[in-house]
Number of protein chains: 2
Amino acid sequence: MTRILYELVAADPAIRFSPYCWRSRMALAHKGLAAETRPWRFVEGDALAFSGQGRVPVLVDGDEVIHDSWSIALYLEERYPDRPSLFGGEGGIAPTKFINAWADTVTLPAISGLIVADVWAGLDDECKAYFRESREKRYGMTLEEFCARREERVLDFRKLLQPVRAIVKDQPFIGGEAPTYADYIVFGGFMWARATSSFELLAADDLLWSWRERMLDLHDGCAREARCAAA
Amino acid sequence: MTRILYELVAADPAIRFSPYCWRSRMALAHKGLAAETRPWRFVEGDALAFSGQGRVPVLVDGDEVIHDSWSIALYLEERYPDRPSLFGGEGGIAPTKFINAWADTVTLPAISGLIVADVWAGLDDECKAYFRESREKRYGMTLEEFCARREERVLDFRKLLQPVRAIVKDQPFIGGEAPTYADYIVFGGFMWARATSSFELLAADDLLWSWRERMLDLHDGCAREARCAAA
(Lines give C-alpha, C1' and ligand atoms only; values in the text may rest on other atoms or scores of the structure.)
Protein backbone atom coordinates (compact mmCIF):
# COMPACT_ATOMS: atom_id res chain seq x y z
CA MET A 1 0.00 0.00 0.00
CA THR A 2 1.22 3.44 -0.83
CA ARG A 3 1.50 5.89 2.06
CA ILE A 4 2.60 9.43 1.25
CA LEU A 5 2.96 12.48 3.49
CA TYR A 6 3.11 15.80 1.68
CA GLU A 7 5.38 18.16 3.60
CA LEU A 8 6.34 21.79 3.26
CA VAL A 9 9.93 22.32 2.11
CA ALA A 10 12.41 25.19 1.90
CA ALA A 11 14.64 26.01 -1.08
CA ASP A 12 16.58 22.94 0.01
CA PRO A 13 13.88 20.26 -0.38
CA ALA A 14 15.46 18.21 2.40
CA ILE A 15 14.54 20.95 4.88
CA ARG A 16 11.05 20.14 6.20
CA PHE A 17 9.97 22.94 8.47
CA SER A 18 6.19 23.09 8.92
CA PRO A 19 5.25 22.62 12.60
CA TYR A 20 2.03 20.94 11.48
CA CYS A 21 3.85 18.55 9.15
CA TRP A 22 6.19 17.65 12.00
CA ARG A 23 3.22 16.69 14.12
CA SER A 24 2.11 14.27 11.41
CA ARG A 25 5.60 12.96 10.76
CA MET A 26 6.08 12.19 14.45
CA ALA A 27 2.61 10.66 14.67
CA LEU A 28 3.46 8.28 11.82
CA ALA A 29 6.75 7.38 13.51
CA HIS A 30 4.92 6.82 16.81
CA LYS A 31 2.63 4.35 15.06
CA GLY A 32 5.61 2.71 13.40
CA LEU A 33 4.19 3.47 9.96
CA ALA A 34 6.61 4.08 7.12
CA ALA A 35 5.64 6.80 4.69
CA GLU A 36 7.16 8.24 1.59
CA THR A 37 7.42 11.98 2.09
CA ARG A 38 6.78 14.28 -0.78
CA PRO A 39 8.06 17.86 -0.90
CA TRP A 40 5.57 20.64 -1.38
CA ARG A 41 6.25 24.37 -1.75
CA PHE A 42 4.02 27.28 -0.73
CA VAL A 43 3.29 28.13 -4.36
CA GLU A 44 2.20 24.64 -5.41
CA GLY A 45 -1.43 24.73 -4.29
CA ASP A 46 -2.54 22.93 -7.44
CA ALA A 47 -0.49 19.88 -6.50
CA LEU A 48 -2.83 19.34 -3.54
CA ALA A 49 -6.07 19.78 -5.51
CA PHE A 50 -6.74 16.03 -5.14
CA SER A 51 -7.17 16.65 -1.38
CA GLY A 52 -9.88 19.24 -1.91
CA GLN A 53 -7.85 22.05 -0.36
CA GLY A 54 -4.43 23.71 -0.62
CA ARG A 55 -2.39 23.19 2.52
CA VAL A 56 -0.07 20.61 4.01
CA PRO A 57 0.19 18.20 5.70
CA VAL A 58 -1.77 15.87 3.47
CA LEU A 59 -1.59 12.15 4.10
CA VAL A 60 -2.42 9.67 1.38
CA ASP A 61 -2.92 6.24 2.90
CA GLY A 62 -3.94 3.80 0.20
CA ASP A 63 -7.30 5.07 -0.97
CA GLU A 64 -7.68 7.55 1.89
CA VAL A 65 -6.72 11.21 1.60
CA ILE A 66 -6.60 13.17 4.85
CA HIS A 67 -5.56 16.78 5.35
CA ASP A 68 -4.97 18.84 8.48
CA SER A 69 -2.61 17.57 11.16
CA TRP A 70 -5.32 17.06 13.79
CA SER A 71 -7.48 15.07 11.39
CA ILE A 72 -4.46 13.00 10.39
CA ALA A 73 -3.76 12.15 14.05
CA LEU A 74 -7.38 11.09 14.61
CA TYR A 75 -7.33 9.06 11.41
CA LEU A 76 -4.14 7.23 12.35
CA GLU A 77 -5.49 6.46 15.80
CA GLU A 78 -8.71 5.02 14.42
CA ARG A 79 -7.22 3.23 11.43
CA TYR A 80 -4.33 1.64 13.33
CA PRO A 81 -5.74 0.83 16.78
CA ASP A 82 -3.26 -2.01 17.34
CA ARG A 83 -0.27 0.29 17.02
CA PRO A 84 0.90 2.40 19.99
CA SER A 85 -1.83 4.88 20.88
CA LEU A 86 -1.34 8.57 20.16
CA PHE A 87 -3.88 9.55 22.81
CA GLY A 88 -3.71 6.83 25.47
CA GLY A 89 -7.26 5.88 24.59
CA GLU A 90 -10.48 7.61 23.64
CA GLY A 91 -10.48 9.84 26.73
CA GLY A 92 -7.24 11.46 25.69
CA ILE A 93 -8.62 12.99 22.52
CA ALA A 94 -10.72 15.84 23.95
CA PRO A 95 -8.10 17.28 26.32
CA THR A 96 -5.39 16.82 23.69
CA LYS A 97 -7.53 18.88 21.33
CA PHE A 98 -7.23 21.66 23.88
CA ILE A 99 -3.43 21.36 23.81
CA ASN A 100 -3.63 21.52 20.02
CA ALA A 101 -5.67 24.71 20.23
CA TRP A 102 -3.27 26.15 22.81
CA ALA A 103 -0.24 25.48 20.64
CA ASP A 104 -1.96 26.88 17.54
CA THR A 105 -3.15 30.07 19.20
CA VAL A 106 -0.37 30.72 21.71
CA THR A 107 2.99 29.09 21.02
CA LEU A 108 3.07 29.09 17.22
CA PRO A 109 2.18 32.79 16.90
CA ALA A 110 4.87 33.58 19.47
CA ILE A 111 7.48 31.49 17.64
CA SER A 112 6.55 33.14 14.35
CA GLY A 113 7.55 36.49 15.85
CA LEU A 114 11.02 35.09 16.51
CA ILE A 115 11.84 33.23 13.30
CA VAL A 116 9.74 34.17 10.25
CA ALA A 117 12.48 36.37 8.84
CA ASP A 118 14.72 33.29 8.93
CA VAL A 119 11.99 31.13 7.42
CA TRP A 120 11.81 33.60 4.54
CA ALA A 121 15.59 33.55 4.05
CA GLY A 122 15.55 29.79 3.51
CA LEU A 123 12.96 29.81 0.71
CA ASP A 124 13.52 29.86 -3.04
CA ASP A 125 12.84 33.13 -4.84
CA GLU A 126 9.31 32.32 -5.91
CA CYS A 127 8.30 31.27 -2.41
CA LYS A 128 10.12 34.23 -0.89
CA ALA A 129 7.89 36.61 -2.83
CA TYR A 130 4.73 34.76 -1.84
CA PHE A 131 5.75 34.42 1.79
CA ARG A 132 6.80 38.03 2.25
CA GLU A 133 3.69 39.42 0.67
CA SER A 134 1.19 37.18 2.46
CA ARG A 135 2.86 37.43 5.88
CA GLU A 136 3.51 41.14 5.76
CA LYS A 137 -0.14 41.67 4.94
CA ARG A 138 -1.12 39.42 7.87
CA TYR A 139 1.25 41.08 10.36
CA GLY A 140 0.82 44.63 9.10
CA MET A 141 4.59 45.16 9.07
CA THR A 142 7.73 43.82 7.41
CA LEU A 143 9.07 40.42 8.41
CA GLU A 144 12.14 42.13 9.82
CA GLU A 145 10.03 44.48 11.95
CA PHE A 146 7.95 41.53 13.11
CA CYS A 147 11.10 39.74 14.31
CA ALA A 148 12.79 42.83 15.78
CA ARG A 149 14.15 42.72 19.33
CA ARG A 150 13.76 38.98 19.46
CA GLU A 151 16.48 38.61 22.08
CA GLU A 152 14.14 40.45 24.45
CA ARG A 153 10.89 38.98 23.25
CA VAL A 154 12.10 35.41 23.53
CA LEU A 155 11.81 35.89 27.29
CA ASP A 156 8.06 36.41 26.89
CA PHE A 157 7.86 33.33 24.70
CA ARG A 158 9.57 31.25 27.38
CA LYS A 159 7.00 32.37 29.94
CA LEU A 160 4.21 31.11 27.70
CA LEU A 161 5.65 27.62 28.04
CA GLN A 162 5.11 27.55 31.80
CA PRO A 163 2.28 24.99 31.59
CA VAL A 164 4.55 22.54 29.77
CA ARG A 165 7.31 23.14 32.28
CA ALA A 166 4.88 22.43 35.13
CA ILE A 167 4.27 19.00 33.59
CA VAL A 168 7.76 17.90 32.57
CA LYS A 169 9.26 18.80 35.92
CA ASP A 170 7.55 15.64 37.25
CA GLN A 171 7.57 13.31 34.27
CA PRO A 172 9.63 12.87 31.09
CA PHE A 173 6.87 13.64 28.59
CA ILE A 174 3.60 15.56 28.51
CA GLY A 175 2.01 12.16 27.89
CA GLY A 176 3.63 10.74 31.02
CA GLU A 177 6.37 8.11 30.97
CA ALA A 178 6.09 7.88 27.20
CA PRO A 179 5.27 10.52 24.59
CA THR A 180 1.80 10.98 23.14
CA TYR A 181 0.45 13.23 20.43
CA ALA A 182 0.39 16.06 22.99
CA ASP A 183 4.18 16.00 22.95
CA TYR A 184 4.31 16.04 19.16
CA ILE A 185 1.97 19.03 19.05
CA VAL A 186 4.29 21.16 21.16
CA PHE A 187 7.44 19.70 19.62
CA GLY A 188 6.33 20.71 16.12
CA GLY A 189 6.93 24.34 17.00
CA PHE A 190 10.47 23.60 18.09
CA MET A 191 11.19 21.73 14.87
CA TRP A 192 9.89 24.69 12.88
CA ALA A 193 12.54 26.83 14.56
CA ARG A 194 15.26 24.19 14.44
CA ALA A 195 14.81 23.61 10.71
CA THR A 196 14.83 27.25 9.70
CA SER A 197 16.74 29.34 12.20
CA SER A 198 19.85 29.45 14.33
CA PHE A 199 17.97 31.47 16.94
CA GLU A 200 17.72 29.53 20.19
CA LEU A 201 14.23 29.43 21.70
CA LEU A 202 15.23 28.01 25.09
CA ALA A 203 17.73 28.78 27.82
CA ALA A 204 20.18 25.94 28.37
CA ASP A 205 19.04 25.43 31.96
CA ASP A 206 15.36 25.24 31.02
CA LEU A 207 13.62 21.98 31.92
CA LEU A 208 12.22 22.08 28.43
CA TRP A 209 15.68 21.77 26.97
CA SER A 210 15.91 18.24 28.39
CA TRP A 211 12.40 17.45 27.21
CA ARG A 212 13.32 18.63 23.70
CA GLU A 213 16.44 16.43 23.78
CA ARG A 214 14.25 13.44 24.65
CA MET A 215 11.94 14.30 21.79
CA LEU A 216 14.87 14.58 19.38
CA ASP A 217 15.96 11.08 20.42
CA LEU A 218 12.59 9.42 19.77
CA HIS A 219 11.98 6.98 16.94
CA ASP A 220 15.64 6.46 16.05
CA GLY A 221 16.37 10.16 16.29
CA CYS A 222 14.34 10.97 13.18
CA ALA A 223 13.86 14.59 14.24
CA ARG A 224 17.47 15.08 15.34
CA GLU A 225 18.75 13.79 12.02
CA ALA A 226 16.47 15.98 9.91
CA ARG A 227 18.19 18.60 7.81
CA CYS A 228 18.37 22.10 9.31
CA ALA A 229 19.18 25.44 7.76
CA ALA A 230 21.57 26.25 10.59
CA ALA A 231 23.53 22.98 10.27
CA MET B 1 -19.66 6.94 55.55
CA THR B 2 -18.75 10.52 56.26
CA ARG B 3 -17.64 12.61 53.30
CA ILE B 4 -16.52 16.17 53.99
CA LEU B 5 -15.12 18.82 51.68
CA TYR B 6 -13.33 21.68 53.39
CA GLU B 7 -13.89 24.86 51.40
CA LEU B 8 -12.62 28.41 51.61
CA VAL B 9 -15.27 30.91 52.72
CA ALA B 10 -15.70 34.67 52.85
CA ALA B 11 -17.06 36.69 55.79
CA ASP B 12 -20.39 35.22 54.76
CA PRO B 13 -19.67 31.52 55.23
CA ALA B 14 -22.16 30.65 52.51
CA ILE B 15 -19.88 32.30 49.96
CA ARG B 16 -17.47 29.64 48.69
CA PHE B 17 -15.02 31.28 46.36
CA SER B 18 -11.82 29.26 45.92
CA PRO B 19 -11.35 28.23 42.28
CA TYR B 20 -9.63 25.05 43.48
CA CYS B 21 -12.48 24.17 45.85
CA TRP B 22 -14.92 24.68 43.01
CA ARG B 23 -13.03 22.15 40.93
CA SER B 24 -13.49 19.60 43.73
CA ARG B 25 -17.11 20.50 44.39
CA MET B 26 -17.97 20.04 40.73
CA ALA B 27 -15.97 16.81 40.56
CA LEU B 28 -17.99 15.40 43.47
CA ALA B 29 -21.22 16.49 41.79
CA HIS B 30 -20.07 14.90 38.51
CA LYS B 31 -19.55 11.61 40.35
CA GLY B 32 -22.93 12.00 42.03
CA LEU B 33 -21.29 11.92 45.44
CA ALA B 34 -22.92 13.86 48.25
CA ALA B 35 -20.55 15.62 50.61
CA GLU B 36 -20.96 17.77 53.66
CA THR B 37 -19.08 20.97 53.05
CA ARG B 38 -17.22 22.59 55.88
CA PRO B 39 -16.23 26.26 55.87
CA TRP B 40 -12.59 27.15 56.30
CA ARG B 41 -11.04 30.61 56.55
CA PHE B 42 -7.56 31.71 55.47
CA VAL B 43 -6.44 32.11 59.09
CA GLU B 44 -7.51 28.66 60.23
CA GLY B 45 -4.48 26.65 59.13
CA ASP B 46 -4.54 24.62 62.33
CA ALA B 47 -7.97 23.24 61.48
CA LEU B 48 -6.38 21.40 58.54
CA ALA B 49 -3.46 19.98 60.51
CA PHE B 50 -5.01 16.51 60.26
CA SER B 51 -4.37 16.67 56.50
CA GLY B 52 -0.65 17.26 56.96
CA GLN B 53 -0.77 20.69 55.33
CA GLY B 54 -2.63 23.99 55.56
CA ARG B 55 -4.63 24.64 52.39
CA VAL B 56 -8.01 23.78 50.95
CA PRO B 57 -9.62 21.91 49.34
CA VAL B 58 -9.29 18.94 51.64
CA LEU B 59 -11.55 15.96 51.12
CA VAL B 60 -12.25 13.53 53.91
CA ASP B 61 -13.80 10.38 52.49
CA GLY B 62 -14.32 7.85 55.25
CA ASP B 63 -10.81 7.04 56.40
CA GLU B 64 -9.13 8.79 53.50
CA VAL B 65 -7.84 12.35 53.68
CA ILE B 66 -6.84 13.94 50.39
CA HIS B 67 -5.67 17.49 49.79
CA ASP B 68 -5.01 19.43 46.58
CA SER B 69 -7.71 19.66 43.93
CA TRP B 70 -5.79 17.63 41.34
CA SER B 71 -5.12 14.83 43.80
CA ILE B 72 -8.77 14.87 44.83
CA ALA B 73 -9.85 14.46 41.20
CA LEU B 74 -7.48 11.53 40.69
CA TYR B 75 -8.65 9.97 43.95
CA LEU B 76 -12.32 10.25 43.04
CA GLU B 77 -11.68 8.74 39.61
CA GLU B 78 -9.81 5.78 41.05
CA ARG B 79 -12.03 5.22 44.09
CA TYR B 80 -15.33 5.51 42.21
CA PRO B 81 -14.68 3.94 38.79
CA ASP B 82 -18.32 2.98 38.27
CA ARG B 83 -19.49 6.59 38.50
CA PRO B 84 -19.27 8.91 35.46
CA SER B 85 -15.63 9.38 34.54
CA LEU B 86 -13.93 12.71 35.15
CA PHE B 87 -11.31 12.02 32.50
CA GLY B 88 -13.01 9.82 29.92
CA GLY B 89 -10.62 7.03 30.85
CA GLU B 90 -6.96 6.65 31.78
CA GLY B 91 -5.72 8.40 28.64
CA GLY B 92 -7.47 11.60 29.60
CA ILE B 93 -5.45 12.15 32.75
CA ALA B 94 -2.12 13.28 31.25
CA PRO B 95 -3.49 15.89 28.83
CA THR B 96 -5.96 17.12 31.44
CA LYS B 97 -3.00 17.66 33.76
CA PHE B 98 -1.69 20.07 31.14
CA ILE B 99 -5.00 21.96 31.18
CA ASN B 100 -4.73 22.08 34.96
CA ALA B 101 -1.24 23.55 34.68
CA TRP B 102 -2.41 26.02 32.04
CA ALA B 103 -5.27 27.24 34.22
CA ASP B 104 -3.04 27.52 37.28
CA THR B 105 -0.26 29.42 35.54
CA VAL B 106 -2.21 31.47 32.98
CA THR B 107 -5.88 32.04 33.69
CA LEU B 108 -5.92 32.19 37.50
CA PRO B 109 -3.09 34.74 37.73
CA ALA B 110 -4.89 36.84 35.12
CA ILE B 111 -8.21 36.66 36.98
CA SER B 112 -6.50 37.58 40.23
CA GLY B 113 -5.43 40.85 38.64
CA LEU B 114 -9.08 41.64 37.98
CA ILE B 115 -10.77 40.66 41.23
CA VAL B 116 -8.50 40.33 44.28
CA ALA B 117 -9.50 43.73 45.61
CA ASP B 118 -13.09 42.46 45.58
CA VAL B 119 -12.04 39.18 47.17
CA TRP B 120 -10.47 41.20 49.99
CA ALA B 121 -13.60 43.29 50.46
CA GLY B 122 -15.70 40.19 51.10
CA LEU B 123 -13.52 38.82 53.89
CA ASP B 124 -13.92 39.29 57.63
CA ASP B 125 -11.49 41.63 59.36
CA GLU B 126 -9.02 39.01 60.47
CA CYS B 127 -8.82 37.47 57.02
CA LYS B 128 -8.67 40.91 55.41
CA ALA B 129 -5.47 41.66 57.29
CA TYR B 130 -3.91 38.31 56.39
CA PHE B 131 -4.98 38.53 52.75
CA ARG B 132 -3.82 42.08 52.18
CA GLU B 133 -0.43 41.52 53.75
CA SER B 134 0.32 38.20 52.04
CA ARG B 135 -0.95 39.24 48.60
CA GLU B 136 0.63 42.68 48.60
CA LYS B 137 3.95 41.07 49.44
CA ARG B 138 3.45 38.60 46.58
CA TYR B 139 2.43 41.22 44.02
CA GLY B 140 4.81 43.95 45.19
CA MET B 141 1.98 46.52 45.18
CA THR B 142 -1.33 47.24 46.84
CA LEU B 143 -4.39 45.17 45.95
CA GLU B 144 -5.96 48.27 44.46
CA GLU B 145 -2.91 48.96 42.30
CA PHE B 146 -2.88 45.31 41.23
CA CYS B 147 -6.50 45.59 40.07
CA ALA B 148 -6.17 49.04 38.50
CA ARG B 149 -7.38 49.64 34.95
CA ARG B 150 -9.18 46.33 34.91
CA GLU B 151 -11.66 47.49 32.28
CA GLU B 152 -8.71 47.63 29.89
CA ARG B 153 -6.85 44.61 31.15
CA VAL B 154 -9.86 42.32 30.96
CA LEU B 155 -9.38 42.46 27.18
CA ASP B 156 -5.99 40.79 27.60
CA PHE B 157 -7.56 38.19 29.88
CA ARG B 158 -10.16 37.37 27.24
CA LYS B 159 -7.44 36.77 24.66
CA LEU B 160 -5.84 34.22 26.96
CA LEU B 161 -9.00 32.13 26.70
CA GLN B 162 -8.62 31.67 22.95
CA PRO B 163 -7.73 27.96 23.26
CA VAL B 164 -10.98 27.28 25.13
CA ARG B 165 -12.94 29.26 22.58
CA ALA B 166 -11.36 27.23 19.78
CA ILE B 167 -12.77 24.10 21.41
CA VAL B 168 -16.26 25.18 22.43
CA LYS B 169 -17.01 26.68 19.04
CA ASP B 170 -17.40 23.08 17.82
CA GLN B 171 -18.71 21.25 20.87
CA PRO B 172 -20.63 22.14 24.04
CA PHE B 173 -17.90 21.29 26.53
CA ILE B 174 -14.13 21.02 26.60
CA GLY B 175 -14.72 17.34 27.33
CA GLY B 176 -16.89 16.99 24.21
CA GLU B 177 -20.64 16.36 24.31
CA ALA B 178 -20.51 16.14 28.09
CA PRO B 179 -18.31 17.93 30.63
CA THR B 180 -15.19 16.39 32.08
CA TYR B 181 -12.78 17.56 34.76
CA ALA B 182 -11.14 19.78 32.12
CA ASP B 183 -14.30 21.87 32.13
CA TYR B 184 -14.35 22.09 35.92
CA ILE B 185 -10.74 23.23 35.96
CA VAL B 186 -11.46 26.23 33.77
CA PHE B 187 -14.87 26.87 35.32
CA GLY B 188 -13.36 27.15 38.80
CA GLY B 189 -11.80 30.46 37.84
CA PHE B 190 -15.15 31.82 36.71
CA MET B 191 -16.78 30.78 39.98
CA TRP B 192 -14.01 32.53 41.89
CA ALA B 193 -15.00 35.76 40.15
CA ARG B 194 -18.74 35.12 40.32
CA ALA B 195 -18.67 34.48 44.06
CA THR B 196 -16.60 37.53 44.98
CA SER B 197 -17.02 40.27 42.40
CA SER B 198 -19.55 42.05 40.24
CA PHE B 199 -16.87 42.59 37.61
CA GLU B 200 -17.80 40.77 34.40
CA LEU B 201 -15.01 38.66 32.91
CA LEU B 202 -16.64 37.95 29.56
CA ALA B 203 -18.29 39.92 26.81
CA ALA B 204 -21.92 38.96 26.32
CA ASP B 205 -21.31 37.80 22.74
CA ASP B 206 -18.38 35.60 23.72
CA LEU B 207 -18.79 31.89 22.91
CA LEU B 208 -17.55 31.27 26.42
CA TRP B 209 -20.55 33.02 27.87
CA SER B 210 -22.76 30.20 26.54
CA TRP B 211 -20.31 27.60 27.77
CA ARG B 212 -20.36 29.19 31.23
CA GLU B 213 -24.19 29.13 31.18
CA ARG B 214 -24.07 25.42 30.41
CA MET B 215 -21.65 24.90 33.28
CA LEU B 216 -23.90 26.84 35.66
CA ASP B 217 -26.78 24.56 34.69
CA LEU B 218 -24.94 21.30 35.42
CA HIS B 219 -25.79 19.02 38.32
CA ASP B 220 -29.08 20.69 39.19
CA GLY B 221 -27.62 24.15 38.85
CA CYS B 222 -25.44 23.74 41.94
CA ALA B 223 -23.00 26.44 40.80
CA ARG B 224 -25.71 28.83 39.65
CA GLU B 225 -27.47 28.58 43.00
CA ALA B 226 -24.35 29.15 45.05
CA ARG B 227 -24.26 32.36 47.08
CA CYS B 228 -22.46 35.30 45.45
CA ALA B 229 -21.21 38.56 46.92
CA ALA B 230 -22.75 40.49 44.06
CA ALA B 231 -26.18 38.89 44.41
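For residue A:175, the amide hydrogen comes within under 5 Å of the amide hydrogens of A:180, A:183, counting only partners 5 or more places away or on other chains and with H modelled in the peptide plane.
On the principal axes of its alpha carbon atoms, the protein assembly as shown extends 69, 48, 42 Å, with the longest extent given first.
Mean shadow of segment A:92-190, computed from the convex hull of its alpha carbons, in nm²?
7.4 nm²
With +1 assigned to the C-beta of every Lys and Arg and -1 to the C-beta of every Asp and Glu, and no other charges, what is the dipole magnitude of the protein assembly as shown about the Cα centre in debye, to the nearest 20? It would help to have the intermediate numbers written out before the result.
Working: 56 positive and 70 negative charges, 92 e Å.
Once rounded to the nearest 20, the dipole reads 440 debye.
Considering only Cα atoms, the convex hull volume of segment A:141-199 works out to 105 Å³ per residue.
At a 1.4 Å probe, what is the % contribution of carbon and sulfur to the accessible area of chain B? Let's see the in-between values first.
On the way: 5010 of 9930 Å².
Carbon plus sulfur share of accessible area: 50 percent.
Pair-distance distribution P(r) for segment A:14-82, from all Cα-Cα distances in 10 Å bins starting at 0: 19, 58, 21, 1 percent. Set the Cα radius of gyration of segment A:1-126 against 2.2 N^0.38 Å, with N its number of residues, and you get 1.09. Residue by residue along B:98-107, Cβ atoms of other protein chains within 10 Å of the local Cβ number 6 on average. Centre-to-centre separation between the Cα atoms of segment A:116-135 and those of segment A:165-194: 29 Å. Remark: mean inter-chain Cβ contacts per residue of B:161-167 equal 5, using a 10 Å Cβ-Cβ cutoff to other protein chain atoms.
With all distinct Cα pairs included, what does the Kirkwood hydrodynamic radius of chain A come out to in Å, to one decimal, could you say? Present the calculation step by step, with values, prior to reporting the outcome.
Values: mean 1/r = 0.0552 Å⁻¹.
One over the average 1/r among Cα pairs gives 18.1 Å for chain A.
Each peptide in A:36-42, B:205-211 gets a packing score, the mean of other Cβ atoms within 10 Å over its residues, and the list from highest to lowest is A:36-42, B:205-211. Placing a label point 7 Å from Cα along the Cα-to-Cβ direction at residue B:137 gives distances to the equivalent points in the other copies of 5.6 nm, listed shortest first.
Within the listed set B:159, B:31, B:97, the residue fluctuating most in the Gaussian network model of chain B (springs between alpha-carbon atoms under 10 angstrom) is B:159. The distance from the alpha carbon centre of segment B:29-60 to that of segment A:8-35 is 49 Å, rounded to a whole number. Between residue B:205 and residue B:83, the simple label model (points 7 Å from Cα in the Cβ direction) yields a spacing of 4.1 nm.
Could you compute Rg(Cα) / (2.2 N^0.38 Å) for segment A:97-137, with N its residue count? Provide the component values of the computation, followed by the final result.
Details: Rg = 12.4 Å, N = 41, 2.2 N^0.38 = 9.0 Å.
It is 1.38.
Across chain A, the mean sequence separation of Cα contacts (distance under 8 Å, 6 or more residues apart), normalised by length, yields a relative contact order of 25 percent. For segment A:73-176, the residue among A:161, A:86, A:139 whose Cα projects farthest onto the positive side of the dipole built from Cβ charges is A:161.
The values are calculated or read from the model by the stated rules, or taken from the named source; none is laboratory data. Bear in mind the structure is a predicted one, so any value in this text is a computation, not a measurement. Please note: Cβ atoms are built from the backbone with ideal geometry, for glycine as well, and neighbour counts cover all protein chains shown. Remember, those area values only see protein heavy atoms, side chains included, never the ligands or the DNA or RNA. Shrake-Rupley method; radii C 1.70, N 1.55, O 1.52, S 1.80 Å.
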